[in-house]
Amino acid sequence: MDATEIAKDINIVPTPQDEDHEVNWEDEFQELMQTLPKEKSWYGRDLYFYQGFWCPFSVFKAVISFQKHFQALDSDIFVTSLPKCGTTWLKALTFSIVNRNQFAMEQSPLLSLGPHQLVRSFEYDLYLNNPCPDLENSCVYQPRLLSTHIPYASLPPSIKDSNSKIVYMCRNPMDTFVSLWFFTDQFRPENVKPSSLDEAFDMLCQQIHAFGPFFDHVLGYWKASQEKPNKILFLQYEDLHENIISHLKKLAMFLGFPFSEEEEKHGVIEEIAKICSFGNLKELDVHKNGTHISGIRPNTLFRKGKPEDWINYLTPAVVERLKKLIQHKLDKSGLTFKLSCKSPEQDYA
Ligand code: PAP
């Protein structure tokens, strides 16, 4: 595939004045790709091993443009995660906390636009078709809320060096992988046969999946959050399920938008929990009937929305293998995953 075809494939069309620059950039990109290890995901898409992570070909250029050109502001807030760890939920919660005084809850833009259009992704959205997007006009609400799946080590330096905040959401690998397996089927080209869960798990255990290796990603953000607790907040999907109210308070405090006593008394935290719940977001028109968000059918973002679903899909042999891998990878890190979950005190779904 030549540079023009690559550009076409990822929808980058150079403007005439940029043509020389684009040709050089295409050459550089082409050269870079040839030096990198390459694998196919279990759903038939190319992954390139770039800076220690498996970058999907579809967003590879966008990742590089983001790394090259993005300049963080001190007021920025970044929602970070591996795919299928609860990004949609965290985007909704973050937007609702930060913007709660801008509009009445029932008129929140969250209800018409959904979390992904309010907290836009660098690689799947802003930089996908444009190496230098107009961020001033793309981020309507202030402070800017933005998101990425790329690992901590590969974030642009200005994100790490500024006073911006990073919130990271992780989820136990068993539920993440089950969720990912169901989700990725929509991207499988027709000529690629569906993989079995066992085949997919084999690749996952080898840690070949988008933005993986899983444990490197999680531990990268975990360690950074231990070193810089005022900069990076590390959250776990299962903990939010068990007690959404205490985690909303923690998140609001971390972001610099703490709830006042008055707000607590008037049930503002419960209102946010409810508006951002799986049941509420799933039923929004933008998700039920919307077309595509960053190439994704919006209704596929909401499957079950529960912890511990892995029990219904994984064989004892796969569970055993993953448990050993978890034990080995998290050894001495101080991080643990919840593979089972207490029922929430109050269910806002
Ligand atoms: P993304 O990486 O494509 O943005 P992400 O939102 O991180 O996906 O993860 C999707 C998972 O979060 C789905 O899990 P499941 O397959 O096990 O069901 C989805 O159902 C779940 N999810 C989405 N919104 C919510 C929510 N408001 N509360 C709880 N879980 C949610």
| task | Rank these residues by their accessible area, most exposed first, probe 1.4 Å: C139, C132. | result | C132, C139
| Which translational diffusion coefficient, to the nearest whole µm²/s, is obtained for region 210-270 from the Stokes-Einstein equation, given a Kirkwood hydrodynamic radius over C-alpha pairs, 37 °C and 0.692 mPa s? | 248
| task | For region 230-325, state which GluC sites (Glu not before Pro) are in a DSSP loop and have at most 13 other beta carbons lying within 10 Å of their beta carbon. | result | E283
| Where does the chain land at 222 nm, in deg cm²/dmol rounded to the nearest 500, when only DSSP H runs of n ≥ 4 count, each adding -39500 (n - 2.57), divided by all residues? | -12500 deg cm²/dmol
| Across the Cα atoms of region 139-270, what radius of gyration and what greatest pairwise Cα-Cα distance (Dmax) are found, in Å? | 18.1, 58
| message | For a protection proxy built on the mean count of beta-carbon atoms within 10 angstrom, sort 78-88, 95-105, 329-339 highest first, please. | response | 78-88, 95-105, 329-339
| query | At what distance in nm do the modelled label points of A153 and K265 sit from each other, each positioned 7 Å from its Cα along Cα→Cβ? | reply | 5.2
| request: Give, rounded to the nearest 20 debye, the magnitude of the charge dipole that region 41-330 has about its Cα centre when Lys and Arg contribute +1 at Cβ and Asp and Glu contribute -1 at Cβ. | output: 460
| query | If you wrap a convex hull around the C-alpha atoms of region 199-349 and split its volume per residue, what is the figure in Å³? | reply | 158
| remark: Expressed to two decimals, region 173-247 has a Cα Rg over Rh, using the Kirkwood radius, of 1.08
| task | Determine which residues of region 89-106 fall in the zone a paramagnetic label at Q142 would reach in this model, i.e. backbone nitrogen under 17 Å from the point 7 Å along Cα→Cβ. | result | 98-103
| message | Could you tell me what a quarter of the Cα convex hull surface of the chain works out to, in nm² with one decimal place? | response | 18.2
| Largest-first ordering by accessible area, 1.4 Å probe, given options S112, S65 | S112, S65
| request: At 0.36 nm per residue, minus the direct Cα-Cα distance, what do F103 and T291 gain on full extension? Give it in nm, one decimal, please. | output: 65.1 nm
| said: Between Q346 and N191, how high is the FRET efficiency from 1/(1 + (r/R0)^6) when r is the Cβ-Cβ distance and R₀ = 51 Å? Nearest 0.05. | reply: 0.60
| Ignoring ligands, DNA and RNA, how do H209, H69, H292 rank by accessible area with a 1.4 Å probe, largest first? | H292, H69, H209
| L113 to L36: extension gain in nm, 0.36 nm per residue of separation minus the Cα-Cα distance? | 23.9 nm
| Within the set K160/K323; K165/K249; K274/K323; K40/K338; K228/K282, which residue pairs have Cα atoms separated by over 23 Å? | K160/K323; K274/K323; K40/K338; K228/K282
| request: Note down the accessible area of T300, probe 1.4 Å, to the nearest 10 Å². | output: 40
| query | With every protein chain left in place, what is the accessible area per residue of the chain in square angstrom, probe 1.4 Å? | reply | 48
| field | Hydrodynamic radius of region 127-194 per Kirkwood, over alpha carbon pairs, in Å | value | 15.7
| note | Rounded to whole Å, √(5λ) for the Cα gyration tensor eigenvalues of region 77-165, largest first, gives 22, 14, 14
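The values are calculated or read from the model by the stated rules, or taken from the named source; none is laboratory data. This structure is a prediction, so every number in the text was calculated from the model and none was measured. Cβ: placed from backbone, ideal geometry, glycine included. Neighbour counts: every protein chain shown. Note: accessible area is taken over every heavy atom of the protein model, side chains too, but ligands, DNA and RNA are not part of it. Shrake-Rupley method; radii C 1.70, N 1.55, O 1.52, S 1.80 Å.
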